[in-house]
Each structure stands twice: as C-alpha cells, then as structure tokens.
Amino acid sequence: MEIHEKTIPDVKLLIPGCFGDDRGFFMETYNQKTMQSLGINTVFVQDNHSYSRDISTLRGLHFQAPPHIQAKLIRVVKGSILDVAVDIRKGSPYEGRYVAIKLSAENKKQLFIPGGFAHGYCTLEPHTEVLYKASDFYSQECERGIRWDDSDFDIEWGVDEQSVILSDKDSSLPFYSELESWFSYSG
C-alpha cells in the first residue's frame with residue numbers, strides 16, 4: 001500500500017497493491033496493521049455502500065458532530081467520482097480549504113478523511129458504486145452538512161453545475177458561515 005499526503009496533510013491518498021493476471025486481479029483494500037504502519041490508527045466500525053444511477057449525482061457535504069465524529073476511508077468499485085474533503089476545524093491552517101481527488105474503479109485509489117472534515121462526492125459516470133468505512137456508527141442526531149455550492153469553498157466539482165442532481169435534504173443544507181463550530185484544530 002502506498003500513501004500520499006495531499007495539500008491538507010491529514011487527508012491521505014492510498015494506493016493499494018494490485019496483482020493481476022489473465023483471470024482478473026487481487027487487491028487488499030484494508031489491513032489494520034498496514035494502516036497503523038502508515039500512521040493511520042483509526043478503527044473502523046461500519047461499512048457503507050452507495051449506488052448512484054446518474055452522472056452528476058452529488059452527495060454532500062456531510063459530517064457527523066460530536067460525540068459521533070466519523071473518519072472515513074472511501075473507494076469506488078464501479079464508475080468514478082470526484083471525492084471532496086473540506087477542512088472545517090476551527091483554527092486549522094487549512095480551515096475552509098479542500099482536497100478533491102478522482103476515485104474510480106479503474107484507478108483503485110482510496111481516500112482517508114479524518115474527523116473534522118465535511119465530505120462529499122459527485123459521480124462522473126452513470127451507475128457508480130462507492131464503498132466506505134466509517135470510524136463511528138451513523139447517528140441521525142449528529143448528522144450535519146454544508147451546501148455543496150458554498151462560495152466560501154468554491155469547489156469545482158468536475159461537472160456542469162446546472163446538471164447536478166441533489167437530494168431534497170442536500171439542497172437545503174446551510175452555508176458554512178451559518179454553522180456552529182463543531183471541531184477545533186489541535187495541531
């Protein structure tokens with residue numbers, strides 16, 4: 001497994017080794033010992049699988065507030081997405097900045113996003129499937145989000161923004177400036 005730091009050092013791009021032959025391939029996508037050797041000591045407790053039928057389906061920007069903060073490990077098993085992590089930790093030197101990475105079934109890359117980040121993605125192909133691990137269980141009471149088109153972040157989603165498909169819930173999320181501060185940067 002290779003690990004690459006992104007412009008926000010706490011967000012990590014992981015590239016698993018992939019061994020293929022004329023039958024197909026084998027890839028170890030998660031190994032707790034390997035993650036610990038790479039400096040990721042997160043324990044994951046929940047796996048999620050998301051399917052999006054249409055291109056330009058946008059999910060996010062989501063996070064969970066304390067006490068159920070979630071770190072995530074995201075990968076795509078069919079299709080492709082632009083995956084986005086926004087630093088929302090007050091006092092962070094990267095607050096309000098984001099990392100955007102194309103994840104696809106073809107490139108097999110994974111993105112590790114620690115707690116304190118809002119997460120979202122937009123499908124770049126129809127019939128896209130995303131798998132991700134979470135470090136805490138889903139809690140409806142702690143579920144929060146930020147508008148995908150918040151001008152404080154100015155995220156370029158890689159699709160025509162007029163064609164973005166949103167859930168009713170995501171289309172009514174607040175702007176970052178309207179949110180209570182849930183996370184603080186500890187250095």
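The values are calculated or read from the model by the stated rules, or taken from the named source; none is laboratory data. This structure is a prediction, so every number in the text was calculated from the model and none was measured. With ideal geometry, Cβ positions are generated from the backbone for all residues, glycine too; neighbour counts draw on all protein chains shown.
Annotations for the structure displayed:
- Exactly one residue among Ser167, Ser171, Ser135, Ser151 is exposed (fewer than 11 other Cβ atoms within 10 Å of the Cβ) and of a type outside the set (A, V, I, L, M), and that residue is Ser151.
- Phe19 meets the stated requirement of being surrounded by fewer than 11 Cβ atoms within 10 Å (Cβ to Cβ), touching a strand residue (DSSP E or B) at 6+ places or on another chain (Cβ under 8 Å) and among the aromatic types (Phe, Trp, Tyr).
- The set of residues in the stretch 45-84 being assigned to a strand (DSSP E or B), small (Gly, Ala, Ser) and in contact with a Ser or Thr (Cβ under 9 Å, 6 or more places away or on another chain) consists of Ser50, Ser52, Ser80.
- Flag for Asp136 being on the phi > 0 side of the Ramachandran plot, acidic (Asp, Glu) and either part of a loop (DSSP other than H, G, I, E, B) or out of contact with any Leu (no Cβ under 9 Å at 6 or more places or on another chain) (or both): no
- Counting only residues that are more than 13 Å from the chain's Cα centre (by Cα) and over 13 Å from Ala134 (Cα atoms), the stretch 60-79 holds 6 of them.
- Restricting the stretch 105-132 to residues that are buried (at least 19 other Cβ atoms within 10 Å of the Cβ) and of a type in the set (S, T, N, Q), the residue that is nearest to His62 (Cα to Cα) is Thr123.
- Candidate set: the stretch 166-181, residues that are more than 18 Å from the chain's Cα centre (by Cα) and hydrophobic (A, V, I, L, M, F, W, C); chosen: the one nearest to Ser104 (Cα to Cα): Phe175
- Where a residue in the stretch 97-111 is in contact (Cβ under 8 Å) with a residue 12 or more places away in the chain and at positive phi and its partner, wherever it lies, is surrounded by 15 or more Cβ atoms within 10 Å (Cβ to Cβ) and part of a loop (DSSP other than H, G, I, E, B), with Cβ under 8 Å and at least six apart: Lys108/Pro16
- Scope the stretch 53-99; condition more than 21 Å from Phe183 (Cα to Cα), surrounded by fewer than 23 Cβ atoms within 10 Å (Cβ to Cβ) and of a type in the set (A, V, I, L, M, F, W, C); matching residues: Ile55, Val77, Leu82
- So Ile146, is it more than 13 Å from Ser56 (Cβ to Cβ) and of a type in the set (Val, Ile, Thr): yes
Residue-wise test of (1) more than 16 Å from the chain's Cα centre (by Cα); (2) buried (at least 16 other Cβ atoms within 10 Å of the Cβ); (3) of a type in the set (A, V, I, L, M).
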| residue | (1), (2), (3) |
| --- | --- |
| Lys6 | no, yes, no |
| Pro9 | no, no, no |
| Lys12 | no, yes, no |
| Arg23 | yes, no, no |
| Gly39 | yes, no, no |
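Table: residues versus (1) of a type in the set (Gly, Ala, Ser); (2) out of contact with any Pro (no Cβ under 7 Å at 6 or more places or on another chain); (3) at pLDDT 90 or above; (4) closer than 17 Å to Leu131 by Cα.
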{"site": "His4", "(1), (2), (3), (4)": "no, yes, no, no"}
{"site": "Lys12", "(1), (2), (3), (4)": "no, yes, yes, yes"}
{"site": "Thr34", "(1), (2), (3), (4)": "no, yes, yes, no"}
{"site": "His49", "(1), (2), (3), (4)": "no, yes, yes, yes"}
